[in-house]
Ligand SMILES: Nc1nc2c(ncn2[C@@H]2O[C@H](COP(=O)(O)OP(=O)(O)O)[C@@H](O)[C@H]2O)c(=O)[nH]1
Ligand SMILES: [Mg+2]
């Protein structure tokens with residue numbers, strides 16, 4: 001069944017790993033009547049963790065989508081992965097939702113992923129709430145968790161539900177908004193009842209805060225509140241809706257998902273107060289080079305965005321799509337704005353995890369799935385007609401972890417290539433490229449876990465035997481001073497000979513300027529038609545330097561003199577002369593190896609700061625700056641790439657898996673001594689393929 005815009009809500013459930021997202025998602029579907037029984041993550045039967053790799057590892061790897069209905073409103077929920085290796089699917093779910101629910105373990109409070117997700121939501125001005133889970137643990141503390149939010153984010157969350165006890169004494173939650181208690185019933189849905197006397201004062205105080213939050217949403221309500229000292233339930237609801245859509249308050253919820261507690265009042269809150277899809281403020285498109293936003297609008301012609309591509313072993317290719325304006329109808333023709341061509345829309349579906357249900361149409365605000373489209377890709381904009389807006393692509397972080405791979409058997413190369421294309425389509429944070437310089441296929445992603453899961457799939461599902469290794473570093477060579485050399489290429493024994501003489505001077509250029517060729521020949525010492533041959537020789541000479549055969553950069557080459565022979569000279573003779581002259585000059589010009597230096601930004605909990613800094617200095621890192629806020633330290637440094645090839649693994653072990661980093665190329669820098677000697681040694685036996693006479 002399809003729902004219209006004002007009867008749709010979209011919620012992303014996100015948070016640090018193991019805070020109970022998948023369990024909460026399961027119990028939302030159970031309490032919403034979608035599934036007859038809530039399964040545990042450990043059983044491998046949850047709706048959220050349904051792919052073979054998730055069942056095997058007992059963690060979420062992909063976003064899952066499901067929905068319930070409450071008083072006629074459809075609520076779409078995303079269950080997202082907690083590990084930063086799978087951040088791509090969290091970001092796409094944020095993009096498609098107007099509200100994010102961050103889960104927090106009641107024992108741990110704010111954790112590093114909570115902070116990163118909070119910042120990401122800040123960047124989108126996205127309304128959000130927090131759900132404090134696992135309150136059945138003795139050390140869990142709802143109040144402390146909210147205080148932690150206040151300390152770290154300078155926002156005081158407003159409790160919409162309150163726990164009745166905690167640990168073994170946990171009995172259920174109280175819905176402060178609707179003034180009802182919900183007793184936990186274990187496997188059955190929670191049961192509504194009166195608020196026990198012992199909690200009445202706490203509820204009254206919490207309700208006061210909720211009324212204040214509602215009054216903040218609207219100026220006339222604020223006047224009423226000041227005049228009357230309170231708000232009617234209708235006024236309160238209206239104020240909360242407005243305040244939440246404007247991200248003016250952060251609702252907080254308590255619960256024990258595993259025991260079906262805190263679920264129904266949360267569903268009620270979303271159905272009543274959750275942001276309408278029309279309130280989305282991050283629907284950005286490229287308006288002639290300038291980013292602009294459009295309102296979500298059911299009355300405009302169709303516009304929709306493909307947010308995700310997945311391949312299901314039973315249903316085949318799935319293209320997840322969010323409708324931004326108008327409606328999408330099954331079995332019609334639309335226009336693919338990104339590809340600038342007509343697009344056939346086949347069957348449309350809504351889903352509960354991997355279970356699909358066919359629908360005829362989807363309205364603005366809704367999220368659904370197009371199956372078996374051979375052409376649709378993630379980030380494609382689909383519109384009613386040509387000339388529509390082109391929505392901006394998902395903004396994802398750059399890969400930080402790379403591995404070089406090759407199929408053990410040459411015959412598997414094509415199959416491996418096809419798999420990589422598909423994997424990169426499914427997860428936009430995963431990339432692959434062939435590095436022509438090092439002759440390696442390098443795959444990259446957000447961390448070792450993500451890469452290992454992909455390698456496992458290649459080995460197990462595709463039955464391709466693989467070899468993997470740490471990617472090679474692309475070193476460079478350059479010179480430290482001016483030098484000159486002359487070289488005569490001569491072969492004049494019988495018949496048509498070869499003759500060319502080149503005299504050249506080389507000089508260092510500033511870093512990053514690469515190469516300059518200067519022709520300073522006077523009086524036709526080398527005729528014009530041979531100059532291209534001379535330059536070819538120089539370029540070939542620079543392709544493999546004299547130290548370790550790496551490309552030579554940042555050199556000016558000036559051809560100053562030469563000599564030719566009217567019969568024996570040829571382009572080839574001058575090319576060979578120039579190549580050798582260049583290398584002779586380079587040997588005398590104080591040649592040096594250069595290594596790539598990366599700019600690194602590391603995010604860690606403050607307690608790991610010292611260990612991370614000393615590790616960076618052992619990696620020849622130069623600290624550029626350091627900043628701390630809300631318990632998280634941010635370190636900026638420049639570090640040689642050669643030291644960072646396994647940094648995601650190192651940082652994981654230093655920070656017990658909590659740290660993260662980003663890395664971009666900065667510049668090349670000279671190396672010397674033992675480091676340089678080792679690089680040269682590692683290149684021994686490298687064969688240069690060049691044309692000979
Ligand atoms: N005691 C308790 N355990 C829970 C609760 N919610 C989830 N868990 C357990 O915590 C673990 C992680 O849960 P999961 O839903 O996979 O967390 P996710 O990584 O955030 O998706 C699982 O073993 C769950 O059974 C809860 O409310 N109370
Ligand atoms: Mg999960």
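The values are calculated or read from the model by the stated rules, or taken from the named source; none is laboratory data. Keep in mind it's a predicted model, so treat the numbers as computed, not measured. Glycine gets a Cβ as well: all are built from the backbone with ideal geometry, and neighbour counts include every protein chain shown.
What are the residues in region 39-72 that are part of a helix (DSSP H, G or I) and either away from ligand 1 (no atom under 11 Å from the Cβ) or surrounded by 23 or more Cβ atoms within 10 Å (Cβ to Cβ) (or both), if any?
Of all residues in region 39-72, those part of a helix (DSSP H, G or I) come to 41-43, 52-57.
Passing the criteria: 52, 53, 55, 56.
The sole residue among 457, 463 that is part of a loop (DSSP other than H, G, I, E, B) and either more than 26 Å from residue 544 (Cβ to Cβ) or at pLDDT below 95 (or both) is 463. Looking only at strands (runs of 3 or more DSSP E) that lie completely in region 227-298, which have at least 1 residues being surrounded by 22 or more Cβ atoms within 10 Å (Cβ to Cβ) and more than 16 Å from ligand 1 (Cβ to nearest atom)? Those strands (runs of 3 or more DSSP E) span 251-254.
For region 1-38, filtered to residues that are at pLDDT 95 or above, part of a loop (DSSP other than H, G, I, E, B) and surrounded by fewer than 17 Cβ atoms within 10 Å (Cβ to Cβ), the residue that is nearest to ligand 1 (Cβ to nearest atom) is 37.
Strands (runs of 3 or more DSSP E) wholly in region 610-693 with at least 1 residues that are crowded, with 19+ Cβ neighbours inside 10 Å - which ones? I'd like the intermediate steps shown before the answer.
Values: elements: 622-629, 632-640, 660-671.
It comes to 632-640, 660-671.
May I ask you to verify whether residue 604 is touching a strand residue (DSSP E or B) at 6+ places or on another chain (Cβ under 9 Å), in a strand (DSSP E or B) and over 27 Å from residue 673 (Cβ atoms)? Against the criterion (touching a strand residue (DSSP E or B) at 6+ places or on another chain (Cβ under 9 Å), in a strand (DSSP E or B) and over 27 Å from residue 673 (Cβ atoms)), residue 604 qualifies.
When region 73-88 is filtered for residues that are within 11 Å of ligand 2 (Cβ to nearest atom) and part of a helix (DSSP H, G or I), only 86 remains. Can residue 482 be described as in contact with a strand residue (DSSP E or B) (Cβ under 8 Å, 6 or more places away or on another chain), surrounded by 12 or more Cβ atoms within 10 Å (Cβ to Cβ) and at pLDDT 95 or above? In short, yes.
Only residues that are surrounded by fewer than 24 Cβ atoms within 10 Å (Cβ to Cβ) and in contact with a helix residue (DSSP H, G or I) (Cβ under 7 Å, 6 or more places away or on another chain) were counted in region 573-592, giving 1. Taking the numbered list (1) touching a helix residue (DSSP H, G or I) at 6+ places or on another chain (Cβ under 7 Å); (2) more than 16 Å from ligand 2 (Cβ to nearest atom) in turn, residue 203 passes all entries but (1).
There is no residue in region 335-351 that is under 28 Å from residue 12 (Cβ atoms), in contact with a helix residue (DSSP H, G or I) (Cβ under 6 Å, 6 or more places away or on another chain), at pLDDT below 95 and not in a strand (DSSP E or B).
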